[in-house]
Every structure is written in structure tokens, then in C-alpha cells.
Amino acid sequence: MENYILLYGDKKPEDNICIKNMFKNNKQIKLGWTDFDYNENMKVINDSMKEEIEQIIISGFEIGWDRMVKDTKKKYPNLKIKVICNTQDSLLYYDYERENFFKLLELSKENIIDDIAFLRKSQYETYKNLGYKCSYLRENYILKEKVNAEKNIDNSKVQLGIYPLNYTWDKNIFNQLCIAKFLKNANLNYNCLDARMEEFLNTMEISNMPIKIQKIEEKNIIEELVKNDVIISTSFTEYVHPIFFISMELGIPCLIGNNSDFFEENDELRKYVVTLAEDDPIINSKKVEKILENKEKIKELYKKWKVEYNKQAQTSIENFIEK
């Protein structure tokens, strides 16, 4: 379990919150835009090899990393190179995602990449059936230190938090913002990624408090989440869920979309924290009301569920590393 180094970039910092929590032996590298970036990344790899590692795990597959991977395999043919996929088929709508993903698949075919870990079970099964060497990795996040979860703001209103970390169509931002319109005596705290969000809320006459998370990292996110009674994170599609995990670990219920592999159909927790109608704010406002009525029960259900889930996630990590 100590024979690896995980390398990550800063293109998708929300991914890094969960991935770095899961893989303790990690180092940041640069995106491969220039020869300087390439040379710096190769230096990190060469220095890591002095520590007698047996495998490199790369979180995501970004611009220029195909060159880095090819040259690393050529220089260290016995080194295992594995990649944690940081996209989904739904996101191949974006040229950047599609081009890098196809490069990843090609390097897998050429046996330059030894294993691809997918964070969604259906995606793993799809590419396994297509003949790719891949694994199913359960994403996870464990809050190590106790955090003071006092809201320290107006307790006379229900504090609803919405903290998207990207301003893209798949984050379903405006449908989420609408939820507060259908809740009595609610104030909306949110990460203002674009002026259109504030304009929309003011037009809808929704009580709101915009903030801007300047740097996407655990400490800054936690500081905002603890101000709320309930968190909303009902994106259309997702492969990593840092807002859900951090919120629930803090004891703050979080409503998510039907876009995870966390729960079985009959899990009681699922009926509270998963919506089947991401684009219906009326339905989701009723889900929030149900959450508010059952906050303590949801906390207990999460604690019980998380004990078993932590075991499953750790087993998937170990299997991926040892494969």
C-alpha cells in the first residue's frame, strides 16, 4: 500500500479534495501546456523513482500528460502506470474532455497505461466489456478533525446552502437556486460564480447571501457549509461528490441528484438525500422540508451507512493499488 505515488493537477480542484483524502502519498504536477511543464513533471517522476516506488497513479488525464506517460513508460518499462478517470461519457460534450479521454483509451490499448479506475460503476462495466483493463474505485472522503458546526448567522430563517464549484450546464445551478423560492422563511447562501446567479435570485425575490470561494480547498468549503441547515448539490451528472461528503461528515444533511453509486435501492438514507427530479425545484423543496423534519434521524442513518461504506471504499482502493 506504500509503493505508489499519486500525481494530480489543479485543473479540477474539487476532484482533489476527495482523491487526496483517499490516497495519502500524493504530489501535485503541472498541466502539460509547455516544455517547461513537461520537464518539471518528469523531474517529479524521476525524483519519485528514487524512493523505489513501483507504480504511479495519475488523478485525471489532462492536456500534455500523454507525452509524459509515454516517456515515463519508455524510461521505466517495469513501472506500473494507472489513471483515475476524471470524466464521464456525459461530459464528452466538451472538446477538452473528449480529446483527453480518447488519448487515455488509446494509451490503454497500447499497454502504456496498465489500469484505468472509474468512479462510476456503470462506466467501469461499460469499458470493461469493451476490453479495457480497468477497475471500479469507490470515491470517499473522511473528515479527520472535529469542526465547530455552529451557524453563527440568523437562526430565525432556514439557511439553505448551494455551493457549485463550476459554472457549467451539468451543475444544474439555476434549478437549484429556485428551490429556496418554495420554502417558507428561507435564506439562500451560495457560491456566486457568475453575476447572472445574483441577478436571477434578485429577480425571483429570493432572500440570499452571495459569497465567493476564492480557492477551492477543504478549509474554505467547510467555513461556508457550516453556516447552513441543509445543503443542496443536485447536479445533473457527477463522478465525484465533495460537497455531499463534507456536508454529511459535518452533520449537515445534503440533497444530491440521482448521480451516484452510494446507495442500494432499499437504503433508508437514500429516500431522504437523493432526488429523482434534479430539474424540479418544487419537488426538491418538499425534499428539503422532509430533511428539516428528520435532521437527527438522517445524521444517525449517515453514521451507520458510512461505517460500511468506508470499508467498501477502502477495499476498492487497496484492490486498485495492489492490482
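Where residues in the stretch 107-121 are assigned to a helix (DSSP H, G or I) and in contact (Cβ under 8 Å) with a residue 40 or more places away in the chain, which of them is farthest from Val240 (Cα to Cα)?
Applying the first criterion (assigned to a helix (DSSP H, G or I)) to the stretch 107-121 yields 107-109, 121.
Add one more test, that the residue is in contact (Cβ under 8 Å) with a residue 40 or more places away in the chain, and what stays is 107, 121.
Numbers: Leu107: 24, Lys121: 12 Å.
The selected residue is Leu107.
For residues that are hydrophobic (A, V, I, L, M, F, W, C) and open to solvent by 20 Å² or more (accessible area, probe 1.4 Å), scanning just the stretch 98-131, find the one that is farthest from Trp65 (Cα to Cα).
Leu130
Within the stretch 173-193, can one find any residue that is among the hydrophobic types (A, V, I, L, M, F, W, C), open to solvent by 40 Å² or more (accessible area, probe 1.4 Å) and in a strand (DSSP E or B)?
No, the stretch 173-193 has no match at all.
Out of curiosity, is Lys323 open to solvent by 70 Å² or more (accessible area, probe 1.4 Å), touching a Lys or Arg at 6+ places or on another chain (Cβ under 9 Å) and without any contact (Cβ under 8 Å) to a residue 40 or more places away in the chain?
No, not satisfied.
Within the stretch 133-152, is even one residue open to solvent by 50 Å² or more (accessible area, probe 1.4 Å), in contact with a strand residue (DSSP E or B) (Cβ under 6 Å, 6 or more places away or on another chain), modelled with pLDDT of 95 or more and outside the structural domain of Ser260 (by TED's automatic domain parsing)?
yes
Residues that are open to solvent by 30 Å² or more (accessible area, probe 1.4 Å) and of a type in the set (A, V, I, L, M): list the helices (runs of 4 or more DSSP H) wholly contained in the stretch 1-79 that include at least 2 such residues.
Values: elements: 13-22, 35-49, 65-75.
Answer list for the stretch 1-79: 35-49.
Among helices (runs of 4 or more DSSP H) lying entirely in the stretch 198-306, which contain 1 or more residues that are closer than 17 Å to Phe182 by Cβ, in contact with a Pro (Cβ under 9 Å, 6 or more places away or on another chain) and at pLDDT 95 or above?
Counting at least 1 such residues, we get 281-293.
Output the number of residues of the stretch 80-97 satisfying the condition of being farther than 21 Å from His241 by Cα and open to solvent by 70 Å² or more (accessible area, probe 1.4 Å).
Number satisfying all stated conditions: 2.
Identify all residues within the stretch 134-145 that are touching a Phe, Trp or Tyr at 6+ places or on another chain (Cβ under 9 Å), in a loop (DSSP other than H, G, I, E, B) and either more than 19 Å from Ser90 (Cβ to Cβ) or free of Cβ contacts under 8 Å to residues at least 60 places away in the same chain (or both); write none if there are none. Let's see the steps before the verdict.
The initial filter retains those residues of the stretch 134-145 that are touching a Phe, Trp or Tyr at 6+ places or on another chain (Cβ under 9 Å), namely 134-143.
Of the ones still in play, those that are also in a loop (DSSP other than H, G, I, E, B) are 137-143.
Answer for the stretch 134-145, where residues must be touching a Phe, Trp or Tyr at 6+ places or on another chain (Cβ under 9 Å), in a loop (DSSP other than H, G, I, E, B) and either more than 19 Å from Ser90 (Cβ to Cβ) or free of Cβ contacts under 8 Å to residues at least 60 places away in the same chain (or both): Arg138, Asn140, Tyr141, Ile142, Leu143.
I'm trying to understand the selection: among the residues of the stretch 229-276, which are of a type in the set (Gly, Ala, Ser) and open to solvent by 10 Å² or more (accessible area, probe 1.4 Å)?
Result: Ser233, Gly251, Ser260.
Residue by residue through the stretch 194-218, note down the ones that are on the phi > 0 side of the Ramachandran plot and crowded, with 20+ Cβ neighbours inside 10 Å.
Those that are on the phi > 0 side of the Ramachandran plot and crowded, with 20+ Cβ neighbours inside 10 Å: none in the stretch 194-218.
The values are calculated or read from the model by the stated rules, or taken from the named source; none is laboratory data. Predicted model, so just to flag it, every value in this text is computed and none were measured. Heads up, the Cβs are rebuilt from the backbone with ideal geometry, glycines too, and the neighbour counts pull from every protein chain shown. The accessibility values were calculated without ligands, DNA or RNA, using every heavy atom of the protein model including side chains. Shrake-Rupley method; radii C 1.70, N 1.55, O 1.52, S 1.80 Å.
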